[in-house]
Every structure is written in C-alpha cells, then in structure tokens.
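S.K.: Below are the structure tokens for one structure; questions will follow.
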Amino acid sequence: MIALRKNGKFIHIELSTGPLYDAENSLIGTVGIIADVTERKKMEKELIASEEKFREMAEKIHEIFYIFDPLQMKMLYISPAHEKITGWPVETIYQDPESWIKMIVPEDREQLFRYMSGETSTIGQEGIEFRIRKPDGNIRWLLANPTPLRDDSGNVYRVMGSMSDITTRKEIEEKLSRSRENLRKILGAVSFGIIIVGNDKKIKHVNKTALDMMGYASESDMVGQTCHATMCPSLKNQCPILDLDQCLDKAERILIDKEGNKIPIIKSAIPLTMDGEEVILESFIDITALKNAEKALEKALEDKEMLMKEIYHRVKNNLMVISSLLNLQSNYITDEEARDIFKDSQKRAHSMALIHERLYRSTDMKHLDFGDYIRTLVMDLFRTYVADPNRIQLELEIEDLMLDIDTAIPLGLIVNELLSNSMKHAFPGGQKGKIKLEFKSDNGGCLMVVGDDGIGLPPNLDIKHTETLGLQLVNSLIGQIDAEMEINNQNGTEFKIRLKD
C-alpha cells in the first residue's frame, strides 16, 4: 500500500490485521500492524533493474554465461548464446536439468564435473576444454572458465562463469600438430642430417640421420647441447649462429661425433620461425666418402702425371735417337738429294722431340705454349739451313698462345716444313731476302702466317696434288687439325693457316 505522510511524501506500507476478542471470546474489534517498507521496495526495484541489466548484458555477449548449482548438478541460468553455439534451446536445459550433461561427449564428462563442482584446486585459475555434440551430430569444442562462490565454511555453493566456442582454434591446432608430425617424418626420412638451433645456440631438434651420423640413440641425447660444440668446434665460443652472413654460408665444417671422431661435412643453413621463436635450420652431408675419393683421385692424377711425363720423356729420347741416327747416316751419303731427304727427316723428328721435351718439363700435360715453342724451332732451323745469317732476315711476330697437344704436334710439323722450304729454296744462288712468321689469336681461333719474298712457287704447281713429300705432308696435316690454308704466290710465297678453335 501507499500512504501519505504528514510532510506530504508518499511511502510504501505493509498492513497486517486480525480480529480482537474479549474474555468470553466475543469479537470486540480489529487489531492491525503498519510497517514502513519503503526501503525494501526500493531495494527490490533496484534488484529487478540489476537483474534486467544482467540479462540484457548476458544476452548480448557472444559467449555462454551460466550460473551452476554444483550441489544439485543443475544449471540455474544459462544465456541465449548457448543455443547459437551448441544448437540446443535454453528451455531444454531448464525443463530437463540433465540435458546439458547428455550433450557433453561421455569421455569428457568426469573431468568436467570435477572441475565444475569445485573438487579440483585449479578451478578459477584456468579454463577446461571439453567437447559437446550438437543436435545434428557435429562435435564442437568449448572452453569453460568457472569461478566458484563459497559460503562462510569455504564450501562451493555456486559456480558462475563463461563458455566460449574454440572449435576453430582446435582445428587449427590439430592441423598444426599434423603439419609438425609430417615435418618430423619428412626430416626423419631425408638422407642428410638436420639440426635446429635456437637463439640461445642450443640444439632444439635433430633428425634420425644426424643422430646416426653422430652415434646418438635418441634425440633427447643431443637436445640442449651447444651447437658449436658439435657443428663448429674450431670456433669454440665464437659461434656465428646470430651472424647469419657467416652461419648461412654453405661451407665445409668438421662434425664431432659422440666418440670424438671428426667427420667432414658440407653445411648450409636457413632462418625459420618455430613456435614464435627465430631459429636456424642447419643441414649437412657427410662427405667422408667424397674426401676419400678426392684423395684417391689426386693420387691417381699424380700417378698419371708422372706416367705422362715418363712417356713424353721416353718419346723425346726415342725421337732424338732417331734424329741422331739420321744425322749420322746422312754423313755417309754422297748423293746430295738423298742427303737432303735424310736431313729433312732428321728435322721432323727433332721438331716432334722438341714438343715432347717441353711437355715433359711443363706442369700442364695437355697443353703447350706454342708461341715459345716455335721461337725455339725457328732458330734451330735457321742455324741448320742458313749458312750466312746476314743473307736472310727473320721477322717474327709471335704471341704466347696455349694449344692442345693434338693440335700442337701437327702444326709444329707444318711450320717445320714451310720454314725449311723457304730457307732452302726461296733464295737460290746466294740471294738475300726476308722470311716472316706470324702467330696470333684471330676471332676466337688463331692465325699462322709463313712467308718469304723469294722466287715463289713454280707457276704450274698444284699444291694439293704435288709429288713433293713436304707439301704432301702439309696438306695431310692441315686436314688432320681441321684448318684452312690460303696461298699467295705474288712477290714471293705466303701461307695463311687459320685454326677455328
């Protein structure tokens, strides 16, 4: 009831009445009690407003808000978000108190009940993850964060808190877990060692190949060791793991296995991010077999070089013996033409012997400094065929070019024949003249020019069908080295020989 006070203010009153009887139990009147309940009404109004605000707030948030009675295992309140997340109507929870229990996956119920009832000491500190089954059969993951309310005796009489849908997060975690497991399988299957090192220079992961290479039984035996103690022992404490310019370079290193043995490896590294931490993935290959093969190859090459030198030396000696025999034999020949033939053969043998002598003394068994060789050859021929050095002038323009041995020997014989012909036949009767020799690079190949300003070749001479042994030899050797030859017979004789390579 509402009453008006003397001061004009309205107040809320509560009136209680009852009959009044005398000693003979006769009704003589009515007795009543009036109480001012204005403050109580005000508190009730504020409580209703507070509950409305609470309900309004609970209905707006996307998480499930709940109030739970752990004694009766009954939900006293659950917010509308419950239906959006679980698919189960809120009315079902109120009508059937056990319905919320039935929607929980059976394997998760016992742990959740202990958590919600306050039995576990961790309640209120962290949430608990559990699964529910929606009406359509789909499984969703929820995270409950309960807060216990305790009475004066410390017993939990209410639990209130929130639940959020973490299905997407769990799916991502599961995919990430599968990816990590697949990565571990891949790393375990590769044929090269892998070590993952953190910024603290400690080993975080090792694959099976690395374990086998280093003689360890399990990954735990290596995890936690300092990286440079195994990968770069020569660097000691100056580990370059944080200096990516050094650490990421592909380089040879020495690996130290469990027994202290040194294993040569080729190492490379890349930076990665794992679990939010910057790490280095180092991969390495055992090159012990490669190093042994290199040593064997070096030994074989050294043996081959010694053998080649011995062959060149013996060939040179044999050619010099032939040259000497031809020279001795020519001293017993009275026929001038026959003696010239012997001398030409002697110079051919000497020309080839000179090449083998230079190969024997060279560090390169396959190539010859041809420029240096023909300078020596020209002077040997000049001393042999020119009795008066003042009669013939030599013009030499020679570059130091390296030639393959398969080209150098035929080309040396060609030079020998052409120069010998010029010195013997270009200046008859004591004539004076000039002989020139050019050898230089030319458009990726090289050019050889041998010429003189003497009497020239006979006018009707067919160079490709001559009966002269020397020119026949020149034609044959030109074809052997796949060269091109031009002949200019004006103002003397000039041979131009071009080698393509």
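S.K.: Computing the accessible area with a 1.4 Å probe over protein heavy atoms, can you report the carbon and sulfur percentage for the stretch 375-470?
M.R.: Working: 2290 of 4780 Å².
Carbon and sulfur together cover 48 percent of it.
S.K.: Could you rank the peptides 427-433, 324-330 by their average count of other C-beta atoms within 10 Å per residue, with the highest value first? Display every interim value, and only then the final one.
M.R.: On the way: 427-433: 11.9, 324-330: 14.6.
Those peptides, ordered most packed to least, come out 324-330, 427-433.
S.K.: Would you mind computing, in nm to one decimal, how far apart the modelled labels at residue 461 and residue 25 are, each placed 7 Å from Cα along Cα→Cβ?
M.R.: So the label points at residue 461 and residue 25 sit 17.6 nm apart.
S.K.: Starting from the Cα-Cα distance between residue 425 and residue 39, subtract it from 0.36 nm times their residue separation and give me the gain in nm to one decimal.
M.R.: Details: separation 386, 0.36 × 386 = 138.96 nm, distance 14.67 nm.
Roughly 124.3 nm would be gained on extension.
S.K.: Given a Förster distance of 35 angstrom, what is the FRET efficiency for residue 432 paired with residue 366, based on the Cβ-Cβ distance and rounded to 0.05?
M.R.: Working: r = 42 Å, r/R0 = 1.20.
My answer for the efficiency is 0.25.
S.K.: Still on this structure, I have one more. Using a 1.4 angstrom probe on heavy atoms only, work out the carbon and sulfur share of the accessible area of the stretch 66-192 in %. Walk me through the intermediate numbers first.
M.R.: Numbers: 3610 of 7530 Å².
Of all accessible area on the stretch 66-192, carbon and sulfur atoms account for 48 percent.
S.K.: Using the Karplus curve 6.51 cos²θ - 1.76 cosθ + 1.60 with θ = phi - 60°, work out ³J(HN,Hα) for each residue of the stretch 400-409 in order, rounded to whole Hz, and write x for Gly and Pro.
M.R.: Values, residue by residue: 7, 10, 8, 10, 5, 4, 5, 9, 5, 5 Hz.
S.K.: For the stretch 279-292, take each phi angle, set θ = phi - 60°, evaluate the Karplus expression 6.51 cos²θ - 1.76 cosθ + 1.60, and give the result in whole Hz per residue in order, putting x for glycine and proline.
M.R.: Karplus values, whole Hz, x for Gly and Pro: 10, 10, 9, 9, 10, 8, 10, 6, 10, 4, 5, 5, 5, 5.
S.K.: My understanding is that a pair violates if its Cα-Cα distance is over 20 Å; which of 262/291; 45/84; 440/496; 434/464 do that in this structure? Please list the in-between numbers first.
M.R.: Values: 262/291 13 Å; 45/84 31 Å; 440/496 12 Å; 434/464 26 Å.
Among 262/291; 45/84; 440/496; 434/464, the Cα-Cα distance tops 20 Å for 45/84; 434/464.
S.K.: OK, next. Using R₀ = 45 Å, calculate the FRET efficiency as 1/(1 + (r/R₀)^6) where r is the Cβ-Cβ separation of residue 329 and residue 300; round to 0.05.
M.R.: Numbers: r = 42 Å, r/R0 = 0.94.
Efficiency, from the Cβ-Cβ distance: 0.60.
S.K.: Note the full-extension length gain between residue 289 and residue 257 as 0.36 nm times their separation in residues minus their Cα-Cα distance, in nm to one decimal. Show your work: numbers first, answer last.
M.R.: On the way: separation 32, 0.36 × 32 = 11.52 nm, distance 1.65 nm.
Gain on stretching residue 289 to residue 257: 9.9 nm.
S.K.: Also: Once you've got the Cα coordinates, tell me which of 170/204; 134/175; 208/299 are over 27 Å apart.
M.R.: Working: 170/204 25 Å; 134/175 22 Å; 208/299 35 Å.
Beyond 27 Å: 208/299.
S.K.: Considering only protein heavy atoms, what per residue accessible area in square angstrom results for the stretch 380-437 with a 1.4 angstrom probe?
M.R.: Details: 2640 Å² over 58 residues.
Dividing the accessible area of the stretch 380-437 by its residue count gives 45 Å².
S.K.: Distance in nm between label sites at residue 14 and residue 404, each 7 Å beyond Cα in the beta-carbon direction?
M.R.: Rounded to a tenth, the inter-label distance reads 12.0 nm.
S.K.: Explain nothing, just compute: Karplus ³J(HN,Hα) = 6.51 cos²θ - 1.76 cosθ + 1.60, θ = phi - 60°, for every residue of the stretch 172-179 in order, whole Hz, x for Gly and Pro.
M.R.: Values, residue by residue: 5, 4, 5, 4, 5, 4, 5, 5 Hz.
The values are calculated or read from the model by the stated rules, or taken from the named source; none is laboratory data. Treat the numbers as computed from the prediction; the structure is a model and nothing was measured. With ideal geometry, Cβ positions are generated from the backbone for all residues, glycine too; neighbour counts draw on all protein chains shown. In case anyone asks, the SASA skips ligands and DNA or RNA and just uses the protein heavy atoms, side chains included. Shrake-Rupley method; radii C 1.70, N 1.55, O 1.52, S 1.80 Å.
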